[in-house]
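Contents: one structure, followed by commentary.
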Amino acid sequence: MIEVRFFATLRDGRGKIAQVPAVEAATAGDLLRRFEIPVEEVAILLINGFHSRPEDPVKEGDVISLFPPVGGG
């Protein structure tokens, strides 16, 4: 399984954590598509704690963390 962790507004309708069978995703971008998250809505994408890109591969046991852009003042 691959664990996908959603943060802030990306949790809306998805919860905090989802488990996805590794055979269903070859890249982080595949996971974004699976959860219907446009790439431009993700400011930070981490694979096992390392900054990554949607085209980077994912494998069994990986933890993917997704953060939206954050505003504030």
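Where a number appears in this text, it was derived from the coordinates with a stated rule and is not lab data. These numbers come from a predicted model, not from an experiment. Quick reminder, even Gly has a Cβ in these numbers, built from the backbone with ideal geometry, and neighbours come from all protein chains shown.
Looking across segment 11-26, just one residue is under 13 Å from residue 63 (Cα atoms), part of a loop (DSSP other than H, G, I, E, B) and among the small types (Gly, Ala, Ser), and that is 25. Inside segment 23-45, can you point out the residues that are out of contact with any Leu (no Cβ under 8 Å at 6 or more places or on another chain) and free of Cβ contacts under 8 Å to residues at least 24 places away in the same chain? The answer is 23, 24, 33, 34, 36, 40. hydroxyl-bearing (Ser, Thr, Tyr) and in a loop (DSSP other than H, G, I, E, B) - does that describe any residue in segment 27-40? Scanning segment 27-40, I find no residue that is hydroxyl-bearing (Ser, Thr, Tyr) and in a loop (DSSP other than H, G, I, E, B), so the answer is no.
Report yes if residue 49 is loosely packed, with under 13 Cβ neighbours inside 10 Å, among the small types (Gly, Ala, Ser) and without any contact (Cβ under 8 Å) to a residue 12 or more places away in the chain, otherwise no.
Details: loosely packed, with under 13 Cβ neighbours inside 10 Å: yes; among the small types (Gly, Ala, Ser): yes; without any contact (Cβ under 8 Å) to a residue 12 or more places away in the chain: no.
Here the answer is no, as residue 49 does not meet what is asked.
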